[in-house]
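Below is one structure, written out as structure tokens; the observations come after it.
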Amino acid sequence: MYIYPENLKAKAMLWLWELRDVTIIGVGLLLSVLALTQTGSYLPMVITAVFAILTIRHDNASILDFIRYAGAFLLTKQQQFEWRLE
């Protein structure tokens, strides 16, 4: 079931994720199963599950977007403060 509202201007969604995120999750699951069968490591499966949870979209926002914006605000973008007496 594809949800494509707003006169074809919004990003395509599949259930709770954008199609790009569904593709990343699918490839991640495939590689995770391969790693699990070959090495017995659950780490790729956990990373894929965490990514899937963080990219769930509600009202066009996700937890991963919030983490990116917070990281940019706190770490990478310069903040400039001006103090003036009136």
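The values are calculated or read from the model by the stated rules, or taken from the named source; none is laboratory data. Bear in mind the structure is a predicted one, so any value in this text is a computation, not a measurement. Counting neighbours? That spans all protein chains shown, and the Cβs are built from the backbone with ideal geometry, glycine included. For the accessible areas, the whole protein counts, side chains as well, though only heavy atoms, and no ligand, DNA or RNA atoms are used. Shrake-Rupley method; radii C 1.70, N 1.55, O 1.52, S 1.80 Å.
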For L8, the lone unmet condition from (1) modelled with pLDDT of 90 or more; (2) open to solvent by 100 Å² or more (accessible area, probe 1.4 Å); (3) not basic (K, R) is (1)
Examine the stretch 39-50 for a residue that is modelled with pLDDT under 75 and β-branched (V, I, T), and state whether such a residue exists.
no
So how many residues does the stretch 48-86 have that are among the hydrophobic types (A, V, I, L, M, F, W, C) and farther than 14 Å from D21 by Cβ?
10
